[in-house]
Amino acid sequence: VTRVAVLTPAGTGAIATIAVVGPGAWDVVRKFFRPASDEPLPDVPNPHRTWLGKLGEGAGDEVVVAVPRLEPEPWVEVHCHGGRQVVRWLVLQFVRAGCMEASWTELVPLTKGTDSRALEPLTRATTTRTASILLDQFHSIFSRRVAELLNATDPDLESGLAELVQYAGVGRHLVEPWRVVLAGPPNVGKSSLVNALAGYQRSIVTPVPGTTRDVVSVSIALDGWPVELLDTAGLRSSADDLEAAGIGRAERAAEEADLVLHVIDGADPASTPAPGATSTIAVVNKSDLAEARPDQPGLRVSALSGAGVPELAAAIVERLVPSAPLAGAAVPFTPHLAGLIVEAHLLVRIGTIPAARETLSRCLA
Ligand SMILES: Nc1nc2c(ncn2[C@@H]2O[C@H](COP(=O)(O)OP(=O)(O)O)[C@@H](O)[C@H]2O)c(=O)[nH]1
Ligand SMILES: [Mg+2]
């Protein structure tokens, strides 16, 4: 069967691309195409070439026909004017000639050497860094590596999994951002710090304690990694019901976070250092003030002047992404695949190699 699909988004644009894919693709395009030069289209298309001409009866639309590839099936593209009616009219012409209308998501898996499971996350990636990692995996880097490891010796399987498992965290967060909660008493400068990290005004900053009643989130990219900063109501007991509800939500947000920034006011003599759990960074804000004490443990910053903010951003990235994959690295690119890799790595480490291989095999499409 030969399929026809519009590859460009619905709506009006300057250019649209229609793909005709399948055994009859070349013949059906050739039937409607009138080349601009005297040279007719060849009987068999040479891949990697383009032709300019007109497509369709009557005046026709001026188009460029391209043949990106012939394997595994002939793939012919028609680049035409992007008006809705022109595109519709050309597609219908192919349908009348016997093509089946399809969506682009049905066509892309037909591309040789690609892992179509990466396509949906790729369309949702928010940074170029995550998109380029997903693009690598779309070109089967992860699935090829898994296939190699399934055929590898036991020691190679173990070292291969040890390498892949380093990127499980990244794989879980190529689409879903890491969640970083700013926690601490009211008025220490949490909202100001969110704004300083984001580089723009977003959450409410006020000198009155307890204004951030709920959890306010700001999505940013740190070093190309998607991070959601969650600004919480101050963690303290409150008589105000509305504020108390906000505090409850703040505590839950902190429990579910990938990282908690415990913020204290460096100039407040009553402030106590944050608990030193592994998933927290102690932040001492207001380091610009004369009263700020130099003895408090933690990363010293000033949301007001910006001092220490780049260092804080670097510390967050270091904690969230201790090892970043280089270009071309195999990355388990969804939370599901990351989970399978963690499990397979665990199984290989406790010596149950056949179970590890079975788990790893579930990473293949
Ligand atoms: N001097 C100084 N004041 C700050 C700094 N960060 C925040 N503030 C002030 O402290 C007050 C409380 O800040 P806010 O961000 O609302 O604190 P939150 O309750 O923890 O969210 C505001 O008046 C801010 O302008 C800082 O680094 N230096
Ligand atoms: Mg606040």
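Derivation of every value follows stated rules applied to the coordinates shown; laboratory data play no part. Because the structure is predicted, anything quoted here is derived from the model rather than measured. All Cβ positions, even for glycine, are placed from backbone atoms using ideal geometry, and neighbour counts span all protein chains on display.
Odds and ends about this structure:
- Rg and Dmax of region 85-205, Cα atoms only, in Å: 22.6, 70
- Here's how it looks for Val331: its modeled amide H is under 5 Å from those of Phe142, which are all 5 or more places away or on a different chain.
- For region 343-357, 3J(HN,Hα) per residue [Karplus equation, 6.51 cos²θ - 1.76 cosθ + 1.60, θ = phi - 60°, Hz, x = Gly/Pro]: 5, 4, 5, 4, 5, 5, 6, 8, x, 9, 4, x, 5, 4, 5
- Each peptide in 98-111, 37-50 was scored by the mean count of other Cβ atoms within 10 Å over its residues; highest first, the order is 98-111, 37-50.
- Take each peptide in 181-192, 305-316, 130-141, 13-24, count the other Cβ atoms within 10 Å of every residue, and average; sorted highest first, the result is 181-192, 130-141, 13-24, 305-316.
- Between helix 128-138 and the chain: long-axis angle, C-alpha atoms, 0 to 90°, nearest 10: 50
- DSSP beta bridges confined to the chain are antiparallel in about 60 percent of cases.
- Once the Cα atoms are used to define both axes, helix 141-150 deviates from the longest principal axis of the chain by about 90 degrees.
- As a size descriptor, the averaged projected area of the C-alpha convex hull of the chain was calculated at 25.4 nm².
- Net charge over other residues, Cβ less than 10 angstrom from the Cβ of Gln93 (K, R count +1; D, E count -1): +2
- Dipole of the chain, positive direction: furthest Cα of Phe138, Ala36, Val108, with charges on the beta-carbon: Ala36
- Quotient of C-alpha Rg and 2.2 N^0.38 Å, computed over region 1-102: 0.97
- Each residue of region 303-313 was assigned a 3J(HN,Hα) from its phi angle through the Karplus curve 6.51 cos²θ - 1.76 cosθ + 1.60 (θ = phi - 60°); the sequence is 5, 6, 8, x, 5, x, 5, x, 5, 5, 4 Hz, with glycine and proline shown as x.
- Using alpha-carbon coordinates, inclination of helix 154-165 to the longest axis of the chain, degrees: 70
- From helices alone, the chain scores -10500 deg cm²/dmol at 222 nm; the rule is -39500 (n - 2.57) for each run of n ≥ 4 DSSP H residues, then divide by the residue total.
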